[in-house]
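Contents: one structure, followed by commentary.
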Amino acid sequence: MLGNLDVKICRTTTSQLSAQDLDETYIIQRPVGQGKYGQVFRAQNKLNKQIVALKKIKQEKEANGFPRTAMREIHLLSSIKHQNIVSFQEVVVQSKNTYLVLEYMDTDLHNLLQRRIVFSLDQVRYLMYQILEALSYLHSRNVYHRDLKPNNILYNVKGQVKICDFGMANEYSKKRPQTKRILVPQYRAPEIYLGGQYDCSVDVWSAGILFLELIVKPSPFVLAKSESQCFSKIIDLCGTPTEDVSSLPLYHELINEPKERTLRKYLHAQQNAMPQLIDLIDKMLTLNPAKRITAKEALKHQYFQTRIFVMMPVIEQDAQPPKDPPIQKKVKQEQQKPLLQGIKINKCM
């Protein structure tokens, strides 16, 4: 059953689920996001006044049953608890719609990057530590997210980040068939492009691409648009695989000639890129997934050993729906408010 978090994973239709009255408990205030698997609203619980996020699940045709991605997300989120993973509260099933009730966060990294928010190197270090903490926790439970990107990393006014959207996440098993249609091309690991089997290390690759995006403007991987352009950028910076991977299904289709790895040289050319930062990104973007650094190992990297006091950018908690000004005007408005929030990092940094 779904209603009270006693989750059983099975194929079912919405007509088999007990209907609940959303309006009795929640006041929907406004839409805050639109994803591949559903729309997200900001809402308030009438009983305790708590602000929550309501994720409206896109329903499949009744004959096909309740969406498999939603079932996986409910199953996983109801069984995990971590300070850097969005928390799951309940499922509200109506006659025609189903909502996941989730912890509310103010914005996401994609929105901040679109608004030209610039993070300092210390701020990036704090953000990446939180992301790797979440990945290390997931991977210790044999779960891979498989859709790590700025849109799925939520951010609040305290500078805390939380991974969300577990529609593509799953429990890893060598025996389970794997889809290759995961991740947007810019964050997709090379082993997926080449048609090989993959494991939790695909999340570390995606985090490495995000790491690069936070310090390099614009990131060469994000500039690439098509799948072929994205894979070509991987080869340009990370070189061609030196291990015996020529047997992978798409190797000869995608790789024509050997190329030298130039990632470290590229990172050295960036302003203020410290050696520890370069080394960690290089290890996260290792072509061979078997040799790629794990999230747990990355947390112990020298890059995270310095203790610092981080001032995180403050974002406005907009109680009213935004009026959607042109992006240039929105950026200018943000630049006029250089307020900062102090965050002390005790465990690392």
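The values are calculated or read from the model by the stated rules, or taken from the named source; none is laboratory data. Everything quoted here is computed from the prediction, not taken from an experiment. Here Cβ is always computed from backbone atoms with ideal geometry, including for glycine, and neighbour counts include all displayed protein chains.
For the criterion of being buried (at least 18 other Cβ atoms within 10 Å of the Cβ), under 13 Å from the mean Cα position of the chain (by Cα) and either not polar (S, T, N, Q) or not assigned by TED's automatic domain parsing to the domain that holds residue 298 (or both), residue 105 fails. Listed by position, the helices (runs of 4 or more DSSP H) contained in the range 109-227 that have at least 1 residues being acidic (Asp, Glu) and in contact (Cβ under 8 Å) with a residue 12 or more places away in the chain are 121-140, 190-193, 201-215. The residues of the range 54-67 that are modelled with pLDDT of 80 or more and of a type in the set (D, E, K, R), listed by number, are 55, 56. Applying the condition of being among the charged types (D, E, K, R), at pLDDT 90 or above and in a loop (DSSP other than H, G, I, E, B) to the range 19-53 and asking which residue is surrounded by the most Cβ atoms within 10 Å (Cβ to Cβ) yields 46. With respect to the conditions (1) at pLDDT 90 or above; (2) touching a Gly at 6+ places or on another chain (Cβ under 6 Å); (3) among the basic types (Lys, Arg), residue 259 falls short on a single one, namely (1). Does residue 149 count as under 26 Å from residue 195 (Cβ atoms), in contact with a Phe, Trp or Tyr (Cβ under 6 Å, 6 or more places away or on another chain) and among the charged types (D, E, K, R)? Against the criterion (under 26 Å from residue 195 (Cβ atoms), in contact with a Phe, Trp or Tyr (Cβ under 6 Å, 6 or more places away or on another chain) and among the charged types (D, E, K, R)), residue 149 qualifies. Exactly one residue out of 126, 99, 172 is at pLDDT below 95, under 24 Å from residue 48 (Cα atoms) and of a type in the set (Phe, Trp, Tyr): that is 99.
Taking the numbered list (1) in the same structural domain as residue 276 (by TED's automatic domain parsing); (2) under 18 Å from the mean Cα position of the chain (by Cα); (3) not in a strand (DSSP E or B) in turn, residue 72 passes all entries but (1). Does residue 122 fit the bill of being more than 30 Å from residue 25 (Cα to Cα) and more than 16 Å from the chain's Cα centre (by Cα)? When the stated conditions are applied, residue 122 passes them.
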